[in-house]
Every structure is written in C-alpha cells, then in structure tokens.
Amino acid sequence: MYEVTLSNVNYSYGDQRVLQDITFTAEPGDFVCLLGPSGCGKSTLLRLLAGLSFPSSGGITLDGKQISGPGLDRGVVFQDYSLFPWMTAGQNIVLALEQAFPGKKKDEYRETAAGYLEMVGLADAYDKLPGLLSGGMRQRAAIARAFAINAPVLLMDEPFGALDAITRARLQDLLLQLWQQRQDERKTVFFVTHDVEEAILLANRIVVLGVNPGTIKGVFEVDLPRPRIRQELYHNQTFQTLRDRLVTVLYENILSELDAGQIVASQGDGI
Ligand SMILES: Nc1ncnc2c1ncn2[C@@H]1O[C@H](COP(=O)(O)OP(=O)(O)OP(=O)(O)O)[C@@H](O)[C@H]1O
Ligand SMILES: [Mg+2]
C-alpha cells in the first residue's frame, strides 16, 4: 500500500499561481476526495500526482520516492477520458494490460479486458471506437481501464460526472468494492468530485480547496462506518453535520454574494 505525500507544493501556469503551498499526506490505503470550486486546481493537482506535470516548487512522493513521470503504479481517469481514439474500447484496455502485466497470452488480455468492460456495463462496447461511444460510455471505458491494471494508486478526476444516477451509484459501489477488496492491499485513492454527498459516501478524508490561488481550506475526516448504506446515510446525524460543514466551507464567500445578487454566470466561478 502506498503513502502519497505533498510537501509545500506550488504550481503556476506562466505567472498565474494555481496551487499554493499544498501540504498533505494520504496514508497508505486512504480514500481521499478533493472538493473545490471550478478552476481551483483539482485537475492540476491530479496531473502532478500522475507525473504529467511537475511542481514549480515543493515535492511529491509516492511510496517514499519522488514522482519522476507517469507510471503503472497509478491508474488514472481524467476529465477528457484519454482513450486512444484509433483503438477500440477493448484494445485500449488490452494495451494497458500488456504494459502492466507483460508476457501473457493475447487471449488472456482480451478476456480480462472484456470482463472489466462488462463490470462497468459496457459488455457490447469491446469492438467500438471511442468516437462511436457516448460521453458516459467513454468515461466508463476509461474507468474499466484504470481498474483493470489494478494499480496501488488510483487518480480519478470527476470520473462519474457524465453518468446517470443509477450507473453512478453502481460504479461508486464497484469502486468501493475494488478499493477494499483486501484490507492489507487497499489502494490509495484521490478522487475529484463536485458532489458533497458523493465525497462523504466514498471518502475517509475530504480535502477542500479554495480558489485563486488553490490552497487547502480544510481537511475533514469522514467518521462513518462502512459499508455506508445510502438510504441510512442521508438520515445519519454525522452525515448531515459533515455535509453542512462542507457546504459552508465550500461556498463560504459565494452564498452571501449570490444572495446579494452579485454573481452572474459569466464570471465563470461556478461550483
Ligand atoms: N494548460 C493550461 N494553461 C494555462 N492555464 C491553465 C491550463 N490548465 C488549467 N489552467 C488554469 O489553471 C487553473 C486551474 O485549472 P484546473 O483545471 O486544475 O481546475 P479544476 O479545479 O480542475 O476545475 P474544474 O472543476 O472546472 O475541472 C484554472 O484557472 C485554469 O484556467
Ligand atoms: Mg478539473
């Protein structure tokens, strides 16, 4: 199981400071949800964890080692789904499996890929190019690929954003099942969402980021036993209290401005 540490991480695009002084440790097997307004740097933070960009200053370690680039120790699902458009959904997963577990028979990769596609409700999509799938289907194919390589770290950027409520609930359960399959081999998960209730359902800890620049406004422990049953959760006092605290921190400055009619959509500071 992998510990992930971020120490005084700063990141700028040109002279725009996006992330400022991010210091946080995800314990091995932690399920961390990131919440924050649009543009606060959540995707940027995930790109740093994926090794696709590097901090302007500060450091990030994975299992005690500085991140030097992308690796198969991290399964990623990004907002743009990132499937190769010239390969079918099945081939995309087979390619990832070949890289993660070299030296197996082609049929074995195909069977595993088909199995993961079936798990996310895409049994018929194996031979389809991503361009022929809906946004939600592409998202699920990317999720299937991330699950298939069975990496110790999962980085997921609003992975269930484009899905209907039932598919979303199924995939939340599947993710939790894969995460806690074995107590001694839990994945360390970073999961970005805009949905406060989804964060509480899934996470051990919730990190709330503020915007301009992106700083940590608070880290909240989710002290709720598992399995967390949705119907019961919504009536649970701890759930309600935590939800109210998160909403207050998230929308701190925005609620009063909204009430005063000072925010118009064109400002683009949506949540
Ligand atoms: N390639 C880029 N070049 C320049 N600026 C960028 C680039 N990518 C992102 N930014 C800027 O960095 C800031 C953070 O962007 P980021 O995508 O990390 O936000 P986010 O929290 O993921 O937002 P959302 O919730 O909308 O996905 C934004 O102000 C954005 O305009
Ligand atoms: Mg984003």
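FYI, it's all coordinate maths here, none of it is from the lab. Note that the structure is a prediction, hence the values are computed from the model and not measured. Positions of Cβ are generated from backbone atoms using ideal geometry, with glycine treated the same way; all protein chains shown enter the neighbour counts.
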Inset, instruction - Could you list which residues have their amide H under 5 Å from that of M156, counting only those 5 or more apart in sequence or on another chain, with H placed in the peptide plane? - result: V77, F190, F191, V192
Inset, instruction - Could you tell me which of rounded, prolate or oblate describes the range 117-271, using a ≥ b ≥ c as the square roots of the eigenvalues of the alpha-carbon gyration tensor, with rounded for a/c under 1.5 and, failing that, prolate when a/b is larger than b/c and oblate otherwise? - result: oblate
Inset, instruction - Determine, at each q value in 0.14, 0.23, 0.26, 0.29 (inverse angstroms), the log₁₀ of I(q)/I(0) that the Debye formula gives when each Cα of the range 40-81 is one equal point scatterer. - result: -0.30, -0.80, -0.99, -1.17
Inset, instruction - Tabulate in residue order the Karplus-calculated ³J(HN,Hα) for the range 30-38, using 6.51 cos²θ - 1.76 cosθ + 1.60 with θ = phi - 60°, rounded to whole Hz; enter x for Gly and Pro. - result: 5, 10, 9, 9, 10, 10, x, x, 4
Inset, instruction - Round to a whole angstrom and tell me the spacing of the C-alpha centers of the range 151-189 and the range 1-28. - result: 22 Å
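Roughly how big is the range 85-150's charge dipole about its Cα centre, with Cβ charges of +1 (Lys, Arg) and -1 (Asp, Glu), in debye to the nearest 20? It would help to have the intermediate numbers written out before the result.
Working: 8 positive and 7 negative charges, 32 e Å.
That gives the range 85-150 a dipole magnitude of about 160 debye.
Multiplying the sequence separation of A260 and D124 by 0.36 nm and subtracting their Cα-Cα distance, what value in nm do you get? Could you put the intermediate results ahead of the total?
On the way: separation 136, 0.36 × 136 = 48.96 nm, distance 5.05 nm.
Extra length available between A260 and D124 comes to 43.9 nm.
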Legend entry - Label-point separation, F84 to S12 (7 Å along Cα→Cβ), nm: 3.8 nm
Inset, instruction - For G218, list long-range residues whose amide hydrogen, built 1.01 Å from N in the peptide plane, is under 5 Å from its own amide hydrogen. - result: V208
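What is the packing order of peptides 127-140, 195-208, 99-112, taking the mean over residues of other C-beta atoms within 10 Å and listing the highest first?
Working: 127-140: 17.3, 195-208: 20.9, 99-112: 12.0.
Result, highest mean first: 195-208, 127-140, 99-112.
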Legend entry - Zone residues, the range 143-165, relative to D184, backbone N less than 18 Å from point 7 Å out along Cα-to-Cβ: 152
Legend entry - Charge-dipole axis of the chain as Lys and Arg at +1 and Asp and Glu at -1 on Cβ define it, positive-most pick from Y2, L35, L250: Y2
Legend entry - In nm, spacing of pseudo-spin labels at T241 and K106 (7 Å Cα→C-beta vector): 6.0 nm
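For the pairs K106/K128; K128/K187; K105/K128, flag any whose C-alpha to C-alpha distance is greater than 25 Å.
Working: K106/K128 19 Å; K128/K187 30 Å; K105/K128 22 Å.
Flagged as over cut-off: K128/K187.
Just to verify a number: FRET efficiency for D73 and V249, C-beta to C-beta distance, R0 = 30 Å, to 0.05? Provide the component values of the computation, followed by the final result.
Values: r = 32 Å, r/R0 = 1.06.
With R0 = 30 Å, the Cβ-Cβ based efficiency is 0.40.
So if I place +1 on the C-beta of Lys and Arg and -1 on the C-beta of Asp and Glu, and nothing else carries charge, what would the dipole magnitude of the chain be about its Cα centre? I want it in debye, nearest 20. Write down the numbers at each step before the final one.
Numbers: 25 positive and 32 negative charges, 110 e Å.
Here the chain has a charge dipole of around 520 debye.
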Legend entry - DSSP beta bridges in the chain [antiparallel fraction, %, rounded to 5]: 55 percent
Inset, instruction - Choose one of F101, V76, F24: the residue whose Cα lies farthest towards the positive end of the charge dipole of the chain (beta-carbon charges +1 Lys, Arg; -1 Asp, Glu; about the Cα centre). - result: F101
Legend entry - All-pairs Cα distance distribution in the chain, expressed in whole percent, bin size 10 Å: 7, 28, 35, 23, 7, 1, 0
